[in-house]
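Asks: I have a structure I would like to understand better, so I am pasting it below and will then ask my questions one at a time.
The values are calculated or read from the model by the stated rules, or taken from the named source; none is laboratory data. Keep in mind that this is a model prediction, so the values were computed, not measured. Here the Cβ positions follow ideal geometry from the backbone for every residue, glycine too, while neighbour counts run over all protein chains shown. Side chains are part of the model used for accessible areas, which takes the heavy atoms of the whole protein and leaves out ligands, DNA and RNA. Shrake-Rupley method; radii C 1.70, N 1.55, O 1.52, S 1.80 Å.
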Amino acid sequence: MNFSEAITVILDHEGGYIDDKTDPGGETKFGISKRQYPNLDIKALTVNDAMDIYRKDYWNKAKVVKLPSSLRLIYFDMVVNQGKSRAVKILQEAITAKGIKTDIDGGIGPQTIRNAEKSKLEVDRLRSYRVKYYADLVKRKPSLEKYWYGWYKRATTT
């Protein structure tokens with residue numbers, strides 16, 4: 001899986017302009033949020049601008065290409081939807097559950113990358129930990145339950 005293939009899926013998930021005051025993402029377009037990019041005119045954002053942001057600030061910074069190809073799409077989607085640190089922690093938890101001790105620190109360093117390969121981590125196992133995170137989040141913050149089904153669908157289809 002390369003960036004060009006993955007970004008198509010991400011943009012499909014994220015959709016167009018949204019300004020939902022109750023959504024933790026706030027004002028977004030193509031999934032790029034005003035909270036993350038306060039100096040950006042979100043309404044005027046183009047698809048190409050969004051793709052550039054995703055490549056530089058998500059794909060590259062999260063070292064997506066260093067992971068096994070089978071994990072790249074789901075991991076990239078987790079980084080976009082849940083943030084890099086949380087996505088890495090979920091990845092690390094899934095690797096550890098396979099019996100390979102991995103520090104659960106939210107950092108995508110050599111140990112995590114090596115252990116992702118070594119563990120032969122299955123996409124479905126990673127999905128299950130992603131769903132668990134969303135379920136735990138809704139339990140902690142019941143007001144987010146209105147997003148549960150959408151998060152569940154996204155987690156189980158990416």
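Asks: From the residues in segment 139-158 that are free of Cβ contacts under 8 Å to residues at least 12 places away in the same chain and of a type outside the set (Gly, Ala, Ser), which one is nearest to Lys66 (Cα to Cα)?
Replies: Thr157
Asks: Determine the pairs where a residue that is polar (S, T, N, Q), located within segment 5-21, has a partner that is open to solvent by 40 Å² or more (accessible area, probe 1.4 Å) and at pLDDT 90 or above with Cβ atoms under 8 Å apart, the partner being 6 or more residues away or on another chain.
Replies: none
Asks: I'm trying to understand the selection: among the residues of segment 1-59, which are among the hydroxyl-bearing types (Ser, Thr, Tyr) and over 21 Å from Trp151 (Cα atoms)?
Replies: Those that are among the hydroxyl-bearing types (Ser, Thr, Tyr) and over 21 Å from Trp151 (Cα atoms): Ser4, Tyr37, Thr46.
Asks: Related question: What single numbered condition from (1) open to solvent by less than 80 Å² (accessible area, probe 1.4 Å); (2) touching a strand residue (DSSP E or B) at 6+ places or on another chain (Cβ under 6 Å); (3) of a type in the set (Ser, Thr, Tyr) fails to hold for Ser33?
Replies: Going through (1) open to solvent by less than 80 Å² (accessible area, probe 1.4 Å); (2) touching a strand residue (DSSP E or B) at 6+ places or on another chain (Cβ under 6 Å); (3) of a type in the set (Ser, Thr, Tyr) one by one, Ser33 breaks only (2).
Asks: I would also like to ask the following. Go over the candidates Ala94, Ala135 one by one and state the one that is among the small types (Gly, Ala, Ser) and open to solvent by 30 Å² or more (accessible area, probe 1.4 Å).
Replies: Exactly one residue qualifies, and that residue is Ala135.
Asks: Please verify whether segment 129-136 includes one or more residues that are in contact with a Phe, Trp or Tyr (Cβ under 7 Å, 6 or more places away or on another chain) and under 22 Å from Gly15 (Cβ atoms).
Replies: Among the residues of segment 129-136, at least one is in contact with a Phe, Trp or Tyr (Cβ under 7 Å, 6 or more places away or on another chain) and under 22 Å from Gly15 (Cβ atoms), which makes the answer yes.
Asks: Quick check on my filter: what residues within segment 111-132 are open to solvent by 60 Å² or more (accessible area, probe 1.4 Å) and outside any helix (DSSP H, G or I)?
Replies: Within segment 111-132, Lys120, Glu122 meet the criteria.
Asks: Further, regarding this structure: Picking from Asp105, Asp52, Asp20, which residue would you name as being out of contact with any Lys or Arg (no Cβ under 9 Å at 6 or more places or on another chain) and open to solvent by 70 Å² or more (accessible area, probe 1.4 Å)?
Replies: When all the criteria are applied, what remains is Asp52.
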